[in-house]
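Below you'll find the structure, written out as structure tokens, and then a few comments.
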Amino acid sequence: CHPPGMRKPVSRTMFRAALQLSVSGARSLTRSRPQYTASVAARSYSHGKQETDEEFDARWVTYFSKPDIDAWELRKGMNTLIGYDLVPEPKILDAALRACRRLNDLASAIRILEAVKDKSGPHKEIYPYVLQELQPTLNELGIPTPEELGIDKA
Amino acid sequence: MLASRALVRGLQSGFWRRVSTSSAAWAAHTHDVDVVDCSVPQYNNRLDTPLPDVPFVRNLSAKQKKLKEKEKGSWTQLTKEEKLALYRLTHELSYAEMRQGSKEWMTVLGGVFIFLGFTGLLVWWQRVYVYGDVPHTLSQESVAQQTQRMIDMRVNPVHGFSHKWDYEKKQWK
């Protein structure tokens, strides 16, 4: 079930759990999303077309879906993505986890999950939601959650 | 303070000695060298960099190499311990461990208070044994005479000192 206060997610309006509302967040309020989400693009331009959430997501999914992605590109992509002021959509993370699988890198897959939880900050409901969305992939690929390994506690 | 840092460091490396898979693995840890080569990518534990440039353990023992080979197959075949071992090969600290913090602040605060207290003792000793007597004009008698003079002079008669003196009743208001 979905976290309380959220509508059933529709893929195209979905939830970018930004850590703060931005100017374009005014848009999101009219769609009565929970307060912590906002339509925040990674960059705000003073001119030119603003990239939509969907375009942003699609771009990153494509990036990680490259069949012959190499380890450096995975690291670069992931580190850059975590540097943004948002928690990545489950579909981006799914593509990233599959990239880890192609690269035979289980440790990075677990690390990505840890990073998502850390990135959510005080918004504790994001991480369980992401895990819920990714559960089929985690089961398919055999990726344990940090909780299962006990590394979520120091 | 340096001592507390050194103590914490020693505790950390001692702790990891037990947790790492083998003593050979410990020797192979990339960070356990005296001279760090800054011209090549280094391992780091950073919350904002989930995937470090190089894995934590780079010189793998035979057992670890076998595990790495097994990683190439289906991950559902790996046991939980193997998955954890693979994680620890690549990463020194988990996110929870990175965020952990330490009790060093107590040591620091305690040290600060100890030295403040010691300084207080020094200051008190100095007051007693180094400073000479205070001027005689600060004696009770002298102050009384001075105060009477100020009243007689009508110092600040509107709002201040002498205003507070009742000249009829010869007392403070």
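Observations
- Residue in segment B:85-101 that is over 16 Å from A:Asp152 (Cβ atoms), surrounded by fewer than 13 Cβ atoms within 10 Å (Cβ to Cβ) and of a type in the set (Val, Ile, Thr) present: no
- Exclusive hit being surrounded by fewer than 20 Cβ atoms within 10 Å (Cβ to Cβ), touching a Leu at 6+ places or on another chain (Cβ under 7 Å), facing chain B (nearest Cβ under 9 Å) and assigned to a helix (DSSP H, G or I), set A:Arg111, A:Arg101: A:Arg101
- Within segment A:72-98, the set of residues being of a type in the set (Gly, Ala, Ser), more than 9 Å from chain B (Cβ to nearest Cβ) and loosely packed, with under 15 Cβ neighbours inside 10 Å is empty.
- Restricting A:Ile151, A:Ile126 to those that are closer than 27 Å to B:Asp53 by Cβ and not polar (S, T, N, Q) reduces the list to A:Ile151.
- Checked against the criteria, A:Asp152 counts as surrounded by 15 or more Cβ atoms within 10 Å (Cβ to Cβ), at pLDDT below 95 and either more than 11 Å from chain B (Cβ to nearest Cβ) or in a loop (DSSP other than H, G, I, E, B) (or both).
- Residue match in segment A:117-140 (condition: exposed (fewer than 15 other Cβ atoms within 10 Å of the Cβ), touching a Leu at 6+ places or on another chain (Cβ under 9 Å), assigned to a helix (DSSP H, G or I) and within 14 Å of chain B (Cβ to nearest Cβ)): no
- Going through (1) in contact (Cβ under 8 Å) with a residue 12 or more places away in the chain; (2) over 25 Å from A:Glu140 (Cα atoms) one by one, B:Leu122 falls short only on (1).
- Looking across A:Lys117, A:Lys124, one residue alone is among the charged types (D, E, K, R) and within 14 Å of the chain's Cα centre (by Cα). It is A:Lys117.
- The criterion of at least 1 residues that are more than 10 Å from chain A (Cβ to nearest Cβ) and over 30 Å from A:Cys100 (Cα atoms) is met, among helices (runs of 4 or more DSSP H) falling completely within segment B:31-150, by B:104-129.
The values are calculated or read from the model by the stated rules, or taken from the named source; none is laboratory data. All values reported here derive from a predicted model rather than from experimental measurement. Heads up, the Cβs are rebuilt from the backbone with ideal geometry, glycines too, and the neighbour counts pull from every protein chain shown.
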